[in-house]
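Colleague: So that we are looking at the same thing, I have put the structure below in structure tokens.
The values are calculated or read from the model by the stated rules, or taken from the named source; none is laboratory data. Because the structure is a prediction, the values reported are computed rather than measured. Cβ placement follows ideal geometry from the backbone for every residue including glycine, while neighbour counts extend to all protein chains displayed. The protein model used for the area step is the full one, side chains on, heavy atoms only, and it has no ligands, DNA or RNA in it. Shrake-Rupley method; radii C 1.70, N 1.55, O 1.52, S 1.80 Å.
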Amino acid sequence: MSVVKADWQEGFLAGDTRALARAISAAENEPEVVHSFLQEHSGRLGRAHVVGITGPPGAGKSTLTGQLAVTLVARGYSVGLLLVDPSSPFTGGAILGDRLRLPDLAQGSSSQIYVRSLSSRGSMGGLSRATADAIKLLDAFGKDIIIVETVGTGQSETDIISVADSVVVLAVPGLGDDIQAMKAGILEIADLFVVNKADRDGADKTERELLSMLKLQASSSGWTIPVIKTVAIRNEGIADLADQLLAHYEFLQTSGLLLEVRTARVKSELNELLQLRLTQEFQKVVGAARYEEYTQQIVSGNISPYEAVNQLWQEFVSEIKRSASS
Amino acid sequence: MEKKIRVLIAKPGLDGHDRGAKVIARALRDAGMEVIYTGLRRTPEQIVTAAIQEDVDAVGLSCLSGAHNHLFPRVVELLRERQADDIVVIGGGVIPDADIPGLKEAGVKEIFTPGTSTEDVVAFLKTHVGR
């Protein structure tokens, strides 16, 4: 009776949740299959609003994400959640504990919410390698809004901008002064700021610091970045956040920026795929044994890494030329 | 690409003793598995929905309230109803020996009682979960 593992494509097109879940596993384990599926059904892509939620560990990202999803479903949207948690650098295992923070409605009582926990599987930028494909699958499945929650971030995990249309950066009171707020990195990528746990001391100060930082920032796009205070665990401020998110998406559409954002995304995706292909070809043509030899040469001090790269590159180019002429 | 074993660790029912569930979750993590932890007091319906959405290979149920004879078979039954009975269900907690044959007959693959080594649970999953 049970669905055959590789056989999710038909069910996916028919709207079966189990098939969607299988498809996302395929994106993690055998991405080529998913890529050709998405290519075949590219007409289904590009319709969803992709929202990124990022911020430090313990800021309340999962709780906020869950409440936001429930609020959006109540307004008639169907929502997909991708919750990314870190994997162990030693065993590759992971505890994916974001689901536990979701309110009951997001725990399975509503058919309009699909929730998937993803392990970062060694990626360092706050997402997992499969996240971009998982987003596309949810888009193709027909979700209106896809919310991606990154791993708890420090200052520079900014991968989320390469997949999200709207980026929400969470801050909490008491994590640093105005100099922290001036630093480059994660604070620069926000389309919306949220000060969560706003019932705590110092929330007003955090809000003021973010606002004054934003005043110094030249905004060329015409979008004014809002700072929204929330208490996610009590569902306070979430309706306001939902309003502002939808307003941001509308702004992206009417201003033509959405096309710009998505063009930039295609470019970086192309780059990434090209790099991957190049690395694979390189390994294939030059061979792992040569890598090992050069590594040993570098370690024993016979050759510098820069010279090694030059020589490897020469080998690669001449090998390619030879196989082209034969 | 290497496939990871994905396991949902869930606590159905009303008791709040999650120490055992957390120890198992941690042991499976250290064995290289991806463990989704649902938290306390989930209904069998929520657990089955989570198992399907997360595309897990196995569900580990922990119950220390005595309601295992109702809750464990209910999870198996719901998985079957939703054509997801290829997902392996195991259970743990203070479960009297006399109840074990009945639970296994209902479709629970294995029961681990207090004193079980975490290595046994890891080994069981590695043998019975095939991808």
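Colleague: Distance between the C-alpha centers of the range B:66-88 and the range A:29-50? Whole Å please.
Modeller: 33
Colleague: Still on this structure, I have one more. Could you give me the ³J(HN,Hα) list for the range A:221-227, computed from phi with Karplus coefficients 6.51, -1.76, 1.60 and θ = phi - 60°, whole Hz, x at Gly and Pro?
Modeller: 7, x, 9, 8, 6, x, 10
Colleague: Further question on the same structure: List the residues, sorted by chain then number, that are 5 or more residues from A:ILE95 or on another chain and whose placed amide H is less than 5 Å from its amide H.
Modeller: Excluding prolines and chain starts, which carry no amide H, the hits are B:VAL35.
Colleague: Now a separate question. When Lys and Arg each count +1 and Asp and Glu each count -1, what net charge do the other residues less than 11 Å away from A:THR63, Cβ to Cβ, add up to?
Modeller: +2
Colleague: Related question: What is the dipole size for the protein assembly as shown, taken about its Cα centre, with +1 at each Lys and Arg Cβ and -1 at each Asp and Glu Cβ, in debye to the nearest 20?
Modeller: 140
Colleague: Right, next: Positive end of the dipole of the range A:10-56, charges at C-beta (+1 Lys, Arg; -1 Asp, Glu), about the Cα centre: which of A:HIS35, A:ALA48, A:THR17 has its Cα farthest in that direction?
Modeller: The one lying farthest along the dipole's positive direction is A:ALA48.
Colleague: Which residue, A:GLN244, A:TRP313, A:GLY256, has the largest displacement toward the positive end of the dipole of the range A:243-313 when charges sit on each Cβ (Lys, Arg +1; Asp, Glu -1)?
Modeller: After comparing all options, I get A:TRP313.
Colleague: Let me ask something else about it. Under the Karplus relation 6.51 cos²θ - 1.76 cosθ + 1.60, θ = phi - 60°, what is the ordered set of whole-Hz ³J(HN,Hα) values for the range B:8-23, x standing for Gly and Pro?
Modeller: Here the 3J(HN,Hα) series is 9, 9, 9, 10, x, x, 9, 6, x, 8, 10, 4, x, 4, 5, 4 Hz.
Colleague: Would you mind checking the tilt of helix A:203-216 against the longest principal axis of the Cα atoms of chain A, expressed as 0 to 90 degrees and rounded to 10?
Modeller: Helix A:203-216 sits roughly 60 degrees off the main axis of chain A.
Colleague: Under a cut-off of 16 Å between alpha-carbon atoms, report the aspartates and glutamates in cross-link reach of A:LYS267, not counting same-chain residues fewer than 8 places apart.
Modeller: A:ASP133, A:ASP159, A:ASP165
Colleague: Further question: With every protein chain present, what is the per residue accessible area of the range A:1-40 (1.4 Å probe, Å²)? Present the calculation step by step, with values, prior to reporting the outcome.
Modeller: On the way: 1910 Å² over 40 residues.
Dividing the accessible area of the range A:1-40 by its residue count gives 48 Å².
Colleague: Okay, moving on. Hand me the GluC sites (Glu not before Pro) from the range B:1-97 located in a DSSP loop with no more than 10 other Cβ atoms within 10 Å, in residue order please.
Modeller: In loop regions of the range B:1-97 (DSSP not H, G, I, E or B), the sparsely surrounded GluC sites (Glu not before Pro) are B:GLU2.
Colleague: Can you compute 3J(HN,Hα) from phi for each residue in the range B:81-90, using the Karplus curve 6.51 cos²θ - 1.76 cosθ + 1.60 with θ = phi - 60°, rounded to whole Hz and x for Gly and Pro?
Modeller: 4, 9, 6, 10, 7, 7, 6, 6, 10, 10
Colleague: Give me, ordered by chain and number, the residues 5 or more places off B:VAL89 or on other chains with an amide H under 5 Å from its own placed amide H.
Modeller: Those qualifying (amide H under 5 Å, at least 5 residues apart or on another chain) are B:VAL59, B:LYS109.
Colleague: Please enumerate, by chain and number, the aspartates and glutamates with C-alpha under 19 Å from the C-alpha of B:LYS104, excluding those fewer than 8 residues away in the same chain.
Modeller: Partners found: B:ASP57, B:GLU77, B:GLU81, B:ASP85, B:ASP86, B:ASP120.
Colleague: Where both residues lie in the range A:44-255, what percent of DSSP beta bridges are antiparallel, nearest 5? Intermediate values should be presented prior to the final figure.
Modeller: On the way: 1 of 29 bridges.
Once the DSSP bridges in the range A:44-255 are tallied, antiparallel ones form about 5 percent.
Colleague: How about the range A:70-176: which chymotrypsin sites (Phe, Trp or Tyr not before Pro) there are in a DSSP loop, with at most 12 other Cβ atoms within 10 Å of their Cβ?
Modeller: Numbers: sites: A:TYR77, A:PHE90, A:TYR114, A:PHE141; in loops: A:TYR77, A:PHE90.
Sites meeting the loop and neighbour criteria: A:PHE90.
Colleague: Taking only DSSP H segments of four or more residues, each worth -39500 (n - 2.57), what value at 222 nm results for chain B once the sum is divided by all its residues, to the nearest 500 deg cm²/dmol?
Modeller: Calculated from helices alone, the mean residue ellipticity at 222 nm is -12000 deg cm²/dmol.
Colleague: Of all beta bridges DSSP finds with both residues in the protein assembly as shown, what is the antiparallel percent, to the nearest 5?
Modeller: Roughly 0 percent of the DSSP beta bridges within the protein assembly as shown come out antiparallel.
Colleague: How about A:LYS197: which lysines have a C-alpha closer than 26 Å to its C-alpha, ignoring those fewer than 8 places off in the same chain?
Modeller: Leaving aside lysines fewer than 8 places away in the same chain, those within reach of A:LYS197 are A:LYS61, A:LYS183, A:LYS205, A:LYS215, A:LYS229.
Colleague: Amide H of A:LEU118: which non-local residues (sequence gap of 5 or more, or other chain) have their own amide H closer than 5 Å, using H built in the peptide plane?
Modeller: Those qualifying (amide H under 5 Å, at least 5 residues apart or on another chain) are A:LEU83, A:VAL84, A:ASP85.
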